[in-house]
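The values are calculated or read from the model by the stated rules, or taken from the named source; none is laboratory data. Note that this is a predicted model, so its numbers are computed, not measured. Positions of Cβ are backbone-derived with ideal geometry, glycine not excepted, and every protein chain shown enters the neighbour counts.
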Amino acid sequence: MLHKLLSDSRFFCFLLLIDQDMATRCHDDPCPKCSGVLDAAHFPRKPRGHLPNLPDGFEVRFSFCCRNDGCRRRQTPASVRFLDRRVYLGAIVVIVAAMLHGAKPDRVAKMRQIIGADWHTIVAWRHFWETTFPRSDRGRELRASLQTAPPSCDLFHSLWRAAILGACMGPNLAEKLVRFLCLLTRNVTQIDGTLIKELAGLCFPQEIPKAQP
């Protein structure tokens, strides 16, 4: 189910639309330091992995810079495509970590083949979610938000189970995965849940039954 999502170009269109919305919100706000106007100062990213045909503009990381001389402060909005400075897409890092938890060796091997990551890279991701992330400010906030605080090493999977519970293939799964990516990013712009749902429906249109003759 999850690995099929990574092979679906519609999912990456969905991620781009969410990032475009967050970029627009960031651009509309003034510079937080001097209240100056923000100009576009985007930069390229080259996401690694065996990805489907990506939509135009997908490899651009949206960013802005204050127009005022003497300030020029950069504002880079949160993203559901890119996870910090990692060369693999955030969705890949999250999905692989979720599948490693109790996954059978053949499923892990299949995921490695799909994303093109070696075993050492995947081990590094697992270490991040089990050790580094729980100790971060965002990790501690999320752990405190759970009714029953799990062990630090199980924080990621506890959040994953709560967020993806009941999801099925298509717009529902894509929508919940994007919400989960937003949850992990502390400085993410608050996006209206209705907008996420509408964009998911736009990228994953439900098949309309044909009228009977």
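Consider the stretch 43-70. How many of its residues are touching a strand residue (DSSP E or B) at 6+ places or on another chain (Cβ under 9 Å), at pLDDT 90 or above and not acidic (D, E)?
Residues meeting the conditions: 11.
Looking at (1) under 16 Å from the mean Cα position of the chain (by Cα); (2) under 22 Å from R10 (Cα atoms); (3) of a type outside the set (A, V, I, L, M, F, W, C); (4) loosely packed, with under 14 Cβ neighbours inside 10 Å, which is the only condition E175 fails?
Result: E175 passes all but (4).
Kindly provide the set of residues from the stretch 169-189 that are closer than 24 Å to E141 by Cα and outside any helix (DSSP H, G or I), ordered by number.
Within the stretch 169-189, T185, R186, N187, V188, T189 qualify.
Counting only residues that are free of Cβ contacts under 8 Å to residues at least 12 places away in the same chain and in a helix (DSSP H, G or I), which one in the stretch 141-153 is farthest from F180 (Cα to Cα)?
Checking each candidate, the answer is A144.
Taking only pairs six or more apart or across chains, which ones have beta-carbon atoms under 7 Å, a first residue in the stretch 3-25 that is part of a helix (DSSP H, G or I), and a second residue that is among the polar types (S, T, N, Q) and modelled with pLDDT under 90?
Pairs that qualify, where the first residue is part of a helix (DSSP H, G or I) and the partner is among the polar types (S, T, N, Q) and modelled with pLDDT under 90, are S9/N53; M22/T189; R25/T189.
Answer yes if at least one residue in the stretch 139-161 is exposed (fewer than 13 other Cβ atoms within 10 Å of the Cβ) and touching an Asp or Glu at 6+ places or on another chain (Cβ under 7 Å), and no otherwise.
Checked the stretch 139-161: at least one residue is exposed (fewer than 13 other Cβ atoms within 10 Å of the Cβ) and touching an Asp or Glu at 6+ places or on another chain (Cβ under 7 Å).
Restricting to the stretch 117-135, name every residue that is surrounded by 13 or more Cβ atoms within 10 Å (Cβ to Cβ) and out of contact with any strand residue (DSSP E or B) (no Cβ under 7 Å at 6 or more places or on another chain). Before you say what the answer is, go through the steps one by one.
At the first step, the residues of the stretch 117-135 found to be surrounded by 13 or more Cβ atoms within 10 Å (Cβ to Cβ) are 117, 121-122, 124-126, 128-130, 133-134.
If the condition is that a residue be surrounded by 13 or more Cβ atoms within 10 Å (Cβ to Cβ) and out of contact with any strand residue (DSSP E or B) (no Cβ under 7 Å at 6 or more places or on another chain), then T121, I122, A124, W125, R126, F128, W129, E130, F133, P134 are the ones that fit.
Looking for whichever is in contact (Cβ under 8 Å) with a residue 40 or more places away in the chain, farther than 17 Å from L5 by Cβ and in a helix (DSSP H, G or I) here; the options are R138, R126. Which one fits?
R138
So that you can scan it fast, the table gives a plain yes or no per residue for (1) at pLDDT 85 or above; (2) within 19 Å of the chain's Cα centre (by Cα):
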{"residue": "I95", "(1), (2)": "yes, yes"}
{"residue": "D106", "(1), (2)": "no, no"}
{"residue": "K110", "(1), (2)": "no, no"}
{"residue": "A117", "(1), (2)": "no, yes"}
{"residue": "W125", "(1), (2)": "yes, yes"}
{"residue": "S145", "(1), (2)": "yes, no"}
{"residue": "F156", "(1), (2)": "yes, yes"}
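Would a scan of the stretch 171-190 turn up a residue that is at pLDDT below 80, closer than 18 Å to S79 by Cα and among the hydroxyl-bearing types (S, T, Y)? Even if it seems obvious, please write down each step before you answer.
Of the stretch 171-190, the ones at pLDDT below 80 are 186-190.
Still in the list and also closer than 18 Å to S79 by Cα: 186-190.
After this cut, where a residue has to be among the hydroxyl-bearing types (S, T, Y) as well, the list is 189.
Yes: the stretch 171-190 contains one or more residues that are at pLDDT below 80, closer than 18 Å to S79 by Cα and among the hydroxyl-bearing types (S, T, Y).
Starting from the stretch 45-56, keep only residues that are more than 9 Å from F12 (Cβ to Cβ), then list their pairs with residues that are hydroxyl-bearing (S, T, Y) whose Cβ atoms are within a distance under 7 Å, requiring at least 6 positions of separation or different chains.
P47/Y88; R48/Y88; G49/Y88
For the stretch 75-94, check the following and say yes or no: at least one residue is part of a helix (DSSP H, G or I), over 30 Å from A23 (Cα atoms) and out of contact with any Pro (no Cβ under 8 Å at 6 or more places or on another chain).
no
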